[in-house]
Amino acid sequence: MDLSNVNKLLGEEFLTWLWFKSEKQSGLVEINNEVFAVYFSGRVVVEGGEGESLEKTVCSGEMSELAEAKQGLRLGKKVTQAKLKFEQDNLSWQLSVKGEDFSFSGCKTPKIEMQLEEDESDEGRFLEKMYLVEKCVHFFFSLFKQFVELRFSPAWEEEQRKIREWIVGNKD
């Protein structure tokens, strides 16, 4: 198995696990004493099969119940793309992720005040925006680190059982 296939498999497992964790924990996550929320928001792509028999289901729309994507999981499809939403301290970030190569797109940070106050510079606004982008990436990589530690531990087998139960029991 080549590295691109390993990355694709790991990415699909990560996104499926993340969806499971976000639903089972009502979105709330605590990593290293930092609490934030993660939700699947707006767009999820699930795929199954290969070549000409590849089937893809795209569910989109704000506040979508993602019922078709959940049905796809029950049919053996894997999550290949997702739009994630992070929340912390009344602030909100959005990020789209592709499982095959962990590429990000559409990163939206909380809005910053664009009107400068006295004694403020454009540099301060830029640094604040970069901090917010970095915070979004931090949320993602904290979750991925937690997943990798679990994925390559003896506890993964039990976690897989719970994920399978969630998928089968998810009749939404």
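The values are calculated or read from the model by the stated rules, or taken from the named source; none is laboratory data. Quantities reported herein were computed from a predicted structural model and do not represent experimental measurements. Because the Cβ atoms are built from the backbone with ideal geometry, glycine has one as well, and the counts that use them run over all protein chains shown. To get the accessible areas, we keep the full protein, side chains included, count just its heavy atoms, and leave off ligands, DNA and RNA. Shrake-Rupley method; radii C 1.70, N 1.55, O 1.52, S 1.80 Å.
Probe radius 1.4 Å, ligands and nucleic acids ignored: give me the carbon and sulfur share of the accessible area of the stretch 1-87 as a rounded percent.
So the carbon and sulfur contribution to the accessible surface is 47 percent.
With every protein chain present, what accessible area does Arg151 have (1.4 Å probe, heavy atoms only), rounded to the nearest 10 Å²?
60 Å²
Indicate the gyration tensor shape class of the stretch 127-172 (rounded, prolate or oblate), computed on the Cα atoms with a ≥ b ≥ c the square roots of the eigenvalues: a/c under 1.5 is rounded; otherwise a/b larger than b/c is prolate and the rest oblate.
Cα axes put the stretch 127-172 in the oblate bin.
Using a Förster distance of 22 Å, how high is the FRET efficiency between Asp89 and Glu159, based on the Cβ-Cβ distance and rounded to 0.05?
0.15
Helix hunt in the chain: which complete DSSP H runs extend at least 24 Å axially by C-alpha with mean Kyte-Doolittle at least -1.0?
Membrane-span-like by this rule: 3-24, 122-151.
I need the shape label for the stretch 1-75. Rule: rounded when a/c is under 1.5, else prolate if a/b > b/c, else oblate, with a, b, c from the alpha carbon gyration tensor.
Oblate, because a/c is 1.5 or more while a/b does not exceed b/c.
With the chain treated as a Gaussian network of Cα nodes joined by springs under 10 Å, which of Ala155, Ala37, Ala67 yields the largest mean-square fluctuation?
Per the Cα network of the chain with a 10 Å cutoff, Ala155 tops the list.
Once you sort the root eigenvalues of the Cα gyration tensor of the chain as a ≥ b ≥ c, which label holds: rounded (a/c under 1.5), prolate (a/b larger than b/c) or oblate (the other case)?
prolate
Taking the alpha-carbon distance from Lys56 and a cut-off under 27 Å, which lysines remain once sequence neighbours fewer than 8 residues away in the same chain are dropped?
Leaving aside lysines fewer than 8 places away in the same chain, those within reach of Lys56 are Lys8, Lys21, Lys24, Lys70, Lys77, Lys78, Lys83, Lys85, Lys98, Lys108, Lys162, Lys171.
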